[in-house]
Amino acid sequence: MQRRIRRRYAAERRFRVLGAGAVILSAAFLGFLLFTMVAQGWRGFTTTELALPIDLHAAGFHVERARLNTPAADLALASAGLEDAVENAATSAFGPDGATLIAPSAWTVLRAAVKRDPAILERRTVVRVPASTAFDRALAGEGTPAMKATVARLQRAGMVVRGFNWTFLSESDSTDPVAVGIWGALKGSLLTMAITFLIAFPVGVLSAIYLEEYAPKNRWTDLIEVSINNLAAVPSIIFGLLGLAVFLGTWEIGGRVFGPMLPRSAPLVGGVTLALMIMPVIVIASRNAIKGVPPSIRDAALGIGASPIQVVFHHVLPLAMPGILTGTIIGMARALGETAPLLLIGMRAFIVTPPDGVTDPATVLPVQIFLWSDEVSRGFVEKTSAAILVLLAVLLAMNGLAIYLRNKFETRW
Amino acid sequence: MNGFALCFVILGLGLIGWLTARARALRFDRGGRKRLHSLPAQHGWYAAAWTVLPPLLFLAVWSAISPGMVRQTILRNPAAAQLSDFAFERDSVLAQARAVAENPYAGDVDPLARRLAPLVGATRSRYAWIGTLVAALLAFAAGAYAITRIRPDFRARSQVERTLMMTLLVASLIAILTTLGIFVSLFWESLRFFGHVPITDFLFGTHWSPQVIDAKDPGASLGAVPLFWGTFFIGAVIAMLVAIPFGLMSAVYLTQYASPTTRRWMKPTLEMLAGVPTVVYGYFAALTVAPAMRQFAVLLGDPYASSESALAAGLVMGVMIIPFVSSMADDSLAAVPTAMRDGSLAMGATTSETISKVLVPAALPGVVAGVLLAVSRAIGETMIVVMAASGAATITLNPLESATTVTKQIVDLLTGEAEFDSPKTLAAFALGLTLFVITLLLNIVALRVVKKYREAYE
Amino acid sequence: MSTAFTPVSHKMSARDVSVAYGDNQAVKNVSIDIDMDKVTAFIGPSGCGKSTFLRTLNRMNDTIPSARVTGEILLDGENIYSADMDVVQLRARVGMVFQKPNPFPKSIFENVAYGPRIHGLATSRADLEAIVERSLKRAGLWEEVKDRLSDSGTALSGGQQQRLCIARAIAVDPEVILMDEPASALDPIATAKIEELIHELRGRYAIVIVTHNMQQAARVSQRTAFFHLGQLVEYGETDNIFTAPRQERTKDYITGRYG
């Protein structure tokens, strides 16, 4: 008997350890994923720059001072051969392969410097220009031995400067990994989310009010409820197919005839598609929030002569709002991280200029991540991971806000 | 005048209507009665609704039909006689003419389009003016009608509330329209697909290679069985082998063993797994897990192992599903009456014996329903398989070999540059329809099981 | 069964009123007259239909989809179930106080001001403040809350909450006030205050109160109606009902045979 009890206790302990193990392993996976992203992504937020000594006057570079204050300044500097001057300076400063060490966009940095301070046209100066992708990769430990040696030599000479990569936050897509940024995608996401919110929130809340407060019990109402519950479980890619078939099918035919041609990657199209996708989430959350408002409040308002509409809009809705907002934020977070439907409707364009409106071609952050993950160049790995970190940070902030709202306004009746 | 400005003007007229009606209502003689049916502001809303809604409705209809009318008018004009009879060519010239009308400096334009530009521009602006004028007239007429109806005994509140109620009803109908839209668009495109490819070839064919389609017998290379198998293998087998034990054990541990503090911290942590965007999982699977799996396969003695194995995608997908299974199991365990648990413990059973012999069997229907929902989510998951699974359709039982899924193929088929109604792109819709129907069935069955189960314990 | 009182023109009269929830007949052929300046008490065992009948008097039953009301109820001679009666205006004239105090989770001021606002009874802020003050005074709550009108109504004690609800009801200047067991959730001291308040309000409104407490009915009302199994068994002056009931069932109830 004693032995049997000991055996049973051993089994009990094993079971417990198994359970704890499942929890710990699941959490460990999350930790591992985050760790991988940070380990690969932190470098994406940094830049490698080279301190380039340059004497434009000695190099025989001339441009009329008067033209520097006109809109044609860019043209004047380019046609005067600024790009060549920079490359020559790099060769003389860094060695014969100097021109390959600086990014192709390096001369634009100098152009901005000249426009800011024309005096540097006359004297020797040192400008920090972005290093090329090959140089940057070699610095990260991936590159040819020759390039690594060059990196070591310049590092000893104190010509390599590391800094925070503001470009990554302010620029858009590019073919060169050192020049890419997420601002364009972020702005696209913002515009898309604005459309999604403007459609899904009112439609979702209004249908929830109708279903919870006014809908008569009949077949129509049942049909609406079944539709909403099923839509909540439909895979997101199906919404992409719907978007593709409906929006683009009809709009392109219309557009071909006369209407304005809407680009397939417009935030308007993506936003509407995502709105249909998260609307059921908002409806279900809103219904639960409305259900949570005690009936005695409705009685109280009805009892002094409030109309059913006034009861809902003056009393029930304000009281249900925290719950509704929590559900909406969670739904919006889902839309923000969604990729598949947007890929299908064609929101996968190469976007160099950030969109200015909801009808401009745009991309969104998750799609940008997907596109970068497909790039062959190794330099994109750290940019992809860095973009993922930004996306995760935004999502974490949104979910944190939802939890805060829930805790702050949670009322027990 | 562009649409935005016009809407703005109409809203401005609405505001004027609101103010006028309210002012009128404020001057009412109360006629000895204590209270009026409607407040002045409600009369205001009544007038504003009348002023704004009819012109906006008209504009919506007008913007849908006026392009066609513009086109008809242009085509009737003798100057348009030279236009090609081919619809596509004709439309292209007209579109160019429109571009020239808007921007005379547009380059690279058909000479005919340049000649037609003034006509197109004039016709378009004529119809735009007609629309604006009618909208404005409607706003004035309807607003004036509303204001004349305002009397002390007029029930403006009821009217306004009826309008609001209609808005609520319309909003809730959008859900039905969406469902209908999904079904009709999938069904319609699938029907066109089955016009090219016999449905039996698609459903029972075992060869899938959409890159090389024989124009005479497209069905021969569009057999979807390998996709169905791959979807099932990755989503319902490998992913579930991860998600079910981990999800279930996590739920058991967190509900039965863990201290409240542990529970408070670990539950949201696990839920974060569900909040990570799928594109992140996909990237992680492709970049970290898949190479590791390949290494593993090489270690097992397969030097040509695929780096796009079913195992990598399935494993990561399983992790993503863990919180889903865990929270469903949590709910079902919580629904088991405490009396059952107490009864078992009181007999001297250990906690683990109680859980495995009493709680889990009692909660089984709920758990099974949760697993069904999890499967439906897994097979509909797209980004992980798009990024980590292979495009090669094989039927295999070896998790280290490559397999492809329905969702991956939908994305691959539709992101090419193929034209819209080739059998290749239409196949994506047939796959979508299959996916839609299967997930729908899984959900209906699961919800029914959950409902039965809940009723059993109430 | 009904009894006629003088004066002949009553504030409210029910004629042959029946209420059914689906197949369940909750109120059967009730006819009754209710007059100004009187407190009318409805008594009877629980489930006898007295609360259901009370709720037909300002059409609160409309909110239950399966409820069906037949017969007619007249307010100043006008049928409140007729098509052109606006239910919102009706409820402003026939106010209601519920069993459990149900203040809005808003400030005390907003609780009382809400009714006058939606019915447009105040033309200015000062006007509204005057209405709020007058209503709170009539409800006997003014002295207790005048310094904290912006505090939440739900922070008051149960008895205060119920008086706040009464203040809220009288702020829209009703003609009839229906009270559905207004003191059943309160302690004895709060109950006494409510009963005192009912006495004071009697001069301005017709008050109908449902109670399961016979002593309370005897204390506050001038007339009492006894309901049983959905029927109005007996209706008369309170003193008569409690001292010399004419019906056997009334006598059984009052002497405590059931209930």
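The values are calculated or read from the model by the stated rules, or taken from the named source; none is laboratory data. Bear in mind the structure is a predicted one, so any value in this text is a computation, not a measurement. Positions of Cβ are backbone-derived with ideal geometry, glycine not excepted, and every protein chain shown enters the neighbour counts. All accessible areas refer to the heavy atoms of the entire protein, side chains included, with ligands and DNA or RNA removed. Shrake-Rupley method; radii C 1.70, N 1.55, O 1.52, S 1.80 Å.
Residues A:Ala113, A:Ala215, A:Ala146: which one is within 35 Å of the chain's Cα centre (by Cα) and among the aliphatic types (A, V, I, L, M)? Show your work before the answer.
Values: A:Ala215 fails: within 35 Å of the chain's Cα centre (by Cα); A:Ala146 fails: within 35 Å of the chain's Cα centre (by Cα).
Answer to the selection: A:Ala113.
Taking C:Gly77 as meeting all but one of (1) in contact with a helix residue (DSSP H, G or I) (Cβ under 8 Å, 6 or more places away or on another chain); (2) more than 11 Å from chain A (Cβ to nearest Cβ); (3) farther than 30 Å from C:Leu156 by Cβ, write down the number of the exception.
(1)
Take the residues in the stretch A:319-344 that are within 9 Å of chain B (Cβ to nearest Cβ) and hydrophobic (A, V, I, L, M, F, W, C); name whichever of them is most open to solvent (accessible area, probe 1.4 Å). Full working, then the answer.
The first filter runs over the stretch A:319-344 and keeps only residues within 9 Å of chain B (Cβ to nearest Cβ), leaving A:330, A:333-334, A:336-341, A:343-344.
Then keep just the ones that are hydrophobic (A, V, I, L, M, F, W, C); that gives A:330, A:333, A:336, A:340, A:343-344.
On the way: A:Ile330: 75, A:Ala333: 11, A:Leu336: 19, A:Ala340: 1, A:Leu343: 2, A:Leu344: 0 Å².
It comes out as A:Ile330.
If I ask for residues that are open to solvent by 40 Å² or more (accessible area, probe 1.4 Å) and either modelled with pLDDT of 90 or more or away from chain B (no Cβ under 11 Å) (or both), which ones from the stretch A:355-382 would you list? Break it down into steps so the answer makes sense when it comes.
Of all residues in the stretch A:355-382, those open to solvent by 40 Å² or more (accessible area, probe 1.4 Å) come to A:356, A:358-361, A:374-378.
A:Asp356, A:Val358, A:Thr359, A:Asp360, A:Pro361, A:Glu375, A:Val376, A:Ser377, A:Arg378, listed by residue number.
Just to be sure I understand, how many residues within the stretch A:16-48 are at the interface with another protein chain (Cβ under 10 Å from one of its Cβ atoms), open to solvent by 20 Å² or more (accessible area, probe 1.4 Å) and of a type outside the set (A, V, I, L, M, F, W, C)?
Qualifying residue count, the stretch A:16-48: 4.
Among strands (runs of 3 or more DSSP E) lying entirely in the stretch C:34-110, which contain 2 or more residues that are touching a Leu at 6+ places or on another chain (Cβ under 8 Å)? Write out each step before concluding.
Values: elements: C:39-43, C:67-75, C:94-97.
Correct list: C:67-75, C:94-97.
From A:Thr192, A:Thr167, A:Thr144, which residue is among the β-branched types (Val, Ile, Thr) and over 30 Å from A:Met347 (Cβ atoms)? Before you say what the answer is, go through the steps one by one.
Details: A:Thr192 fails: over 30 Å from A:Met347 (Cβ atoms); A:Thr167 fails: over 30 Å from A:Met347 (Cβ atoms).
The conditions single out A:Thr144.
So, in the stretch A:383-402, of the ones that are of a type outside the set (A, V, I, L, M) and surrounded by fewer than 23 Cβ atoms within 10 Å (Cβ to Cβ), which residue ends up nearest to the other protein chains (Cβ to nearest Cβ)?
Initial filter on the stretch A:383-402 (of a type outside the set (A, V, I, L, M)): A:383-385, A:399-400.
Now narrow it down to the ones that are surrounded by fewer than 23 Cβ atoms within 10 Å (Cβ to Cβ): A:399-400.
Working: A:Asn399: 6, A:Gly400: 10 Å.
Of everything passing the filter in the stretch A:383-402, A:Asn399 is nearest to the other protein chains (Cβ to nearest Cβ).
If a residue must be in contact with a Lys or Arg (Cβ under 7 Å, 6 or more places away or on another chain) and either buried (at least 19 other Cβ atoms within 10 Å of the Cβ) or at pLDDT below 85 (or both), how many such residues does the stretch B:41-54 contain?
Our first condition is that a residue be in contact with a Lys or Arg (Cβ under 7 Å, 6 or more places away or on another chain); within the stretch B:41-54, this holds for B:41-44.
So of that shortlist, the ones also either buried (at least 19 other Cβ atoms within 10 Å of the Cβ) or at pLDDT below 85 (or both) come out as B:42-44.
Number of matching residues: 3.
Would you be able to say whether some residue in the stretch B:276-287 is more than 11 Å from chain A (Cβ to nearest Cβ), without any contact (Cβ under 8 Å) to a residue 60 or more places away in the chain and farther than 27 Å from B:Val360 by Cβ? Step through it out loud before you land on a result.
Narrowing the stretch B:276-287 to residues more than 11 Å from chain A (Cβ to nearest Cβ): none.
No, every residue in the stretch B:276-287 fails to be more than 11 Å from chain A (Cβ to nearest Cβ), without any contact (Cβ under 8 Å) to a residue 60 or more places away in the chain and farther than 27 Å from B:Val360 by Cβ.
Confirm whether C:Val94 is touching a residue at least 24 places away in the same chain (Cβ under 8 Å) and either facing another protein chain (nearest Cβ under 8 Å) or under 11 Å from A:Ile304 (Cα atoms) (or both). Give the derivation first.
Values: touching a residue at least 24 places away in the same chain (Cβ under 8 Å): yes; either facing another protein chain (nearest Cβ under 8 Å) or under 11 Å from A:Ile304 (Cα atoms) (or both): yes.
The answer is yes for C:Val94.
Please tell me if B:Leu273 is under 26 Å from the mean Cα position of the chain (by Cα), among the hydrophobic types (A, V, I, L, M, F, W, C), buried (at least 17 other Cβ atoms within 10 Å of the Cβ) and closer than 30 Å to B:Val368 by Cα.
Working: under 26 Å from the mean Cα position of the chain (by Cα): yes; among the hydrophobic types (A, V, I, L, M, F, W, C): yes; buried (at least 17 other Cβ atoms within 10 Å of the Cβ): yes; closer than 30 Å to B:Val368 by Cα: yes.
The answer is yes for B:Leu273.
For A:Ala59, indicate whether it is hydrophobic (A, V, I, L, M, F, W, C), modelled with pLDDT under 90 and open to solvent by 50 Å² or more (accessible area, probe 1.4 Å). Let's see the steps before the verdict.
Values: hydrophobic (A, V, I, L, M, F, W, C): yes; modelled with pLDDT under 90: yes; open to solvent by 50 Å² or more (accessible area, probe 1.4 Å): yes.
Here the answer is yes, as A:Ala59 does meet what is asked.
Considering A:Ala215, A:Ala140, A:Ala134, which residue is in contact with a helix residue (DSSP H, G or I) (Cβ under 7 Å, 6 or more places away or on another chain), closer than 30 Å to A:Arg298 by Cα and small (Gly, Ala, Ser)? Walk me through it before giving the result.
Details: A:Ala140 fails: closer than 30 Å to A:Arg298 by Cα; A:Ala134 fails: closer than 30 Å to A:Arg298 by Cα.
Among A:Ala215, A:Ala140, A:Ala134, only A:Ala215 is in contact with a helix residue (DSSP H, G or I) (Cβ under 7 Å, 6 or more places away or on another chain), closer than 30 Å to A:Arg298 by Cα and small (Gly, Ala, Ser).
Determine whether the stretch A:36-48 contains at least one residue that is assigned to a helix (DSSP H, G or I), out of contact with any helix residue (DSSP H, G or I) (no Cβ under 7 Å at 6 or more places or on another chain), within 24 Å of B:Ile322 (Cβ to Cβ) and not hydroxyl-bearing (Ser, Thr, Tyr). Quick ask: steps written out before the conclusion?
Taking the stretch A:36-48 as the starting set, the residues that turn out to be assigned to a helix (DSSP H, G or I) are A:36-45.
Still in the running and out of contact with any helix residue (DSSP H, G or I) (no Cβ under 7 Å at 6 or more places or on another chain): A:39, A:42.
Still in the list and also within 24 Å of B:Ile322 (Cβ to Cβ): A:39.
Those left that are additionally not hydroxyl-bearing (Ser, Thr, Tyr): A:39.
Within the stretch A:36-48, one or more residues are assigned to a helix (DSSP H, G or I), out of contact with any helix residue (DSSP H, G or I) (no Cβ under 7 Å at 6 or more places or on another chain), within 24 Å of B:Ile322 (Cβ to Cβ) and not hydroxyl-bearing (Ser, Thr, Tyr).
If a residue has to be open to solvent by less than 40 Å² (accessible area, probe 1.4 Å) and either within 14 Å of chain C (Cβ to nearest Cβ) or at pLDDT below 90 (or both) to count, how many in the stretch B:6-20 make the cut? Reasoning before the result, please.
Taking the stretch B:6-20 first, the residues open to solvent by less than 40 Å² (accessible area, probe 1.4 Å) are B:6, B:10, B:12-14, B:17.
Those left that are additionally either within 14 Å of chain C (Cβ to nearest Cβ) or at pLDDT below 90 (or both): B:6.
Residues that pass the stated criteria total 1.
Kindly indicate whether any position in the stretch B:416-424 is crowded, with 18+ Cβ neighbours inside 10 Å and within 12 Å of another protein chain (Cβ to nearest Cβ). I'd like the intermediate steps shown before the answer.
Here is the first cut: in the stretch B:416-424, the ones crowded, with 18+ Cβ neighbours inside 10 Å are B:423-424.
Of the ones still in play, those that are also within 12 Å of another protein chain (Cβ to nearest Cβ) are none.
No, the conditions are met nowhere in the stretch B:416-424.
Output the residues belonging to the stretch B:144-159 that are open to solvent by 10 Å² or more (accessible area, probe 1.4 Å) and in a helix (DSSP H, G or I). Spell out the reasoning first.
Residues of the stretch B:144-159 open to solvent by 10 Å² or more (accessible area, probe 1.4 Å): B:144-145, B:147-149, B:151-155, B:157-159.
The answer is B:Ala144, B:Tyr145, B:Ile147, B:Thr148, B:Arg149, B:Arg157, B:Ser158, B:Gln159.
Collect the residues in the stretch B:73-83 that are more than 11 Å from chain A (Cβ to nearest Cβ) and assigned to a helix (DSSP H, G or I), keeping them in residue-number order. Can you show your working first?
Quick first cut of the stretch B:73-83, residues more than 11 Å from chain A (Cβ to nearest Cβ) only: B:73, B:75-83.
Passing the criteria: B:Thr73, B:Leu75, B:Arg76, B:Pro78, B:Ala79, B:Ala80, B:Ala81, B:Gln82.
Which one is most open to solvent (accessible area, probe 1.4 Å), of the residues in the stretch A:103-129 that are under 15 Å from A:Val178 (Cα atoms), out of contact with any Ser or Thr (no Cβ under 6 Å at 6 or more places or on another chain) and modelled with pLDDT of 85 or more? Even if it seems obvious, please write down each step before you answer.
Narrowing the stretch A:103-129 to residues under 15 Å from A:Val178 (Cα atoms): A:103-109, A:128-129.
Okay, now just the ones that are also out of contact with any Ser or Thr (no Cβ under 6 Å at 6 or more places or on another chain), so A:104-109, A:128-129.
Keeping just the survivors that are modelled with pLDDT of 85 or more gives A:128-129.
Working: A:Arg128: 123, A:Val129: 2 Å².
So, considering only residues that are under 15 Å from A:Val178 (Cα atoms), out of contact with any Ser or Thr (no Cβ under 6 Å at 6 or more places or on another chain) and modelled with pLDDT of 85 or more, the one most open to solvent (accessible area, probe 1.4 Å) is A:Arg128.
If I ask for residues that are modelled with pLDDT under 90 and assigned to a loop (DSSP other than H, G, I, E, B), which ones from the stretch B:267-318 would you list?
Result: B:Leu300, B:Gly301, B:Asp302, B:Pro303, B:Tyr304, B:Ala305, B:Ser306, B:Ser307, B:Glu308.
With the checklist (1) within 14 Å of chain A (Cβ to nearest Cβ); (2) buried (at least 21 other Cβ atoms within 10 Å of the Cβ) in hand, flag the one item B:Pro226 doesn't pass.
Of the numbered conditions (1) within 14 Å of chain A (Cβ to nearest Cβ); (2) buried (at least 21 other Cβ atoms within 10 Å of the Cβ), the odd one out for B:Pro226 is (1).
Can you tell me which residues in the stretch B:370-398 are more than 12 Å from chain A (Cβ to nearest Cβ), more than 13 Å from B:Ala310 (Cβ to Cβ) and either in a loop (DSSP other than H, G, I, E, B) or aliphatic (A, V, I, L, M) (or both)?
The initial filter retains those residues of the stretch B:370-398 that are more than 12 Å from chain A (Cβ to nearest Cβ), namely B:370-371, B:389-398.
Next, from what is left, pick out any that are more than 13 Å from B:Ala310 (Cβ to Cβ): B:370-371.
Listed by number, the list holds a single entry, B:Val371.
Scan the stretch A:145-183 residue by residue and report those that are closer than 14 Å to A:Arg43 by Cα and open to solvent by 90 Å² or more (accessible area, probe 1.4 Å).
Selection gives A:Arg162, A:Phe164, A:Trp166.
Mind counting the residues in the stretch A:40-89 that are among the small types (Gly, Ala, Ser) and in contact (Cβ under 8 Å) with a residue 60 or more places away in the chain?
Here is the first cut: in the stretch A:40-89, the residues among the small types (Gly, Ala, Ser) are A:41, A:44, A:51, A:58-60, A:66, A:72-73, A:76, A:78-81, A:85, A:89.
Pick out the ones that are also in contact (Cβ under 8 Å) with a residue 60 or more places away in the chain and you get A:41, A:44, A:51, A:58.
Matching residues across the stretch A:40-89 total 4.
For B:Ala128, state whether it is assigned to a helix (DSSP H, G or I) and open to solvent by 30 Å² or more (accessible area, probe 1.4 Å). Steps first, please.
Values: assigned to a helix (DSSP H, G or I): yes; open to solvent by 30 Å² or more (accessible area, probe 1.4 Å): yes.
Yes; evaluated as a whole, the condition is true for this residue.
Do we have A:Phe135 as among the aromatic types (Phe, Trp, Tyr), at pLDDT 85 or above and touching a Phe, Trp or Tyr at 6+ places or on another chain (Cβ under 7 Å) here?
Answer is no for this residue.
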